[in-house]
Amino acid sequence: MISKAHSDIQGYIDAIPYGQINLIVHKVNRKVVAVETLGQETLRYTDTDAALHDVHAILENLKNTGYSGQAHIELQYKDGQISIISIHDTKKTQY
């Protein structure tokens, strides 16, 4: 149980190049632990085409990994161009 949770947490940390990660561990009962991950990543751009490519890659990654949870993607524009993409995600897994 703990080794699987540890492996998943390590994979989650490795998947975010920089940003903020919060981990909350819930002791459900003597045999079950729930790990809640809250992540935030902010990417800055000067090229809208690169930003759109990354948005597509983010959505593909969520689909391909079988992600279950909440994900929020926020785009900030400056002079008609995407300047910042903020990604927030929340996931809770029981082990």
> At N64 and I2, where each label point lies 7 Å from the Cα along Cα→Cβ, what is the point-to-point distance in nanometres?
Replying inline: 3.4 nm
> So what J values fall out for the range 63-73 if you push phi through Karplus, 6.51 cos²θ - 1.76 cosθ + 1.60 with θ = phi - 60°, rounded to Hz, Gly and Pro as x?
Replying inline: 5, 5, 8, x, 4, 10, x, 10, 9, 10, 10
> Counting only Cα, what are the radius of gyration and maximum Cα-Cα distance Dmax of the chain, in Å?
Replying inline: 15.6, 55
> Can you list the HN-Hα couplings for the range 26-37, worked out from phi with the Karplus curve (6.51, -1.76, 1.60; θ = phi - 60°), rounded to whole Hz and with x for Gly and Pro?
Replying inline: 10, 8, 6, 7, 5, 10, 10, 10, 10, 10, 10, 10
> At what distance in nm do the modelled label points of H72 and T90 sit from each other, each positioned 7 Å from its Cα along Cα→Cβ?
Replying inline: 0.8 nm
>> Just to be sure I understand: with springs between alpha-carbon atoms less than 10 Å apart, which residue in T37, T48, T65 has the highest mean-square fluctuation in the Gaussian network model of the chain?
In response: T65
> Dipole of the chain (Lys/Arg Cβ +1, Asp/Glu Cβ -1, origin at the Cα centre): which of L38, I58, S86 lies farthest to the positive side?
Replying inline: L38
> What residue among D47, D14, D79 shows peak mean-square fluctuation when the chain is described by a Gaussian network model with Cα springs under 10 Å?
Replying inline: D79
>> In 10 Å bins starting at zero, report the fraction of Cα pairs in the range 50-91 per bin as a rounded %.
In response: 26, 52, 19, 3
> How about the range 8-72: which chymotrypsin sites (Phe, Trp or Tyr not before Pro) there lie in a loop by DSSP and see at most 13 other Cβ atoms within 10 Å?
Replying inline: Y18, Y67
>> With a 1.4 Å probe and all protein chains left in place, how much of the accessible area of the chain comes from carbon and sulfur atoms, in whole percent?
In response: 52 percent
> Which whole-number percent is the relative contact order of the chain (Cα, under 8 Å, 6+ apart)?
Replying inline: 33 percent
>> Treating only the Cα positions of the range 4-45 as identical point scatterers, give the base-10 log of I(q)/I(0) from the Debye formula at each q in 0.17, 0.24, 0.34 Å⁻¹.
In response: -0.53, -0.84, -1.21
>> Rounded to the nearest 20 debye, what is the charge dipole size of the chain about its Cα centre when +1 sits on each Lys and Arg Cβ and -1 on each Asp and Glu Cβ?
In response: 760 debye
> Excluding the sites themselves, what is the longest stretch of the chain that contains no trypsin sites (Lys or Arg not before Pro) in a DSSP loop with at most 12 other C-beta atoms within 10 Å?
Replying inline: 32-95
>> Helix 2-15 against the longest principal axis of the chain: what's the angle in degrees, Cα atoms only, rounded to the nearest 10?
In response: 10 degrees
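The values are calculated or read from the model by the stated rules, or taken from the named source; none is laboratory data. Since the structure is predicted, the reported quantities are computational estimates derived from the model, not experimental observations. Note: ideal-geometry Cβ built from the backbone for every residue, glycine included; neighbour counts use all protein chains shown. Surface accessibility is based on the protein's heavy atoms, side chains included, excluding ligands, DNA and RNA. Shrake-Rupley method; radii C 1.70, N 1.55, O 1.52, S 1.80 Å.
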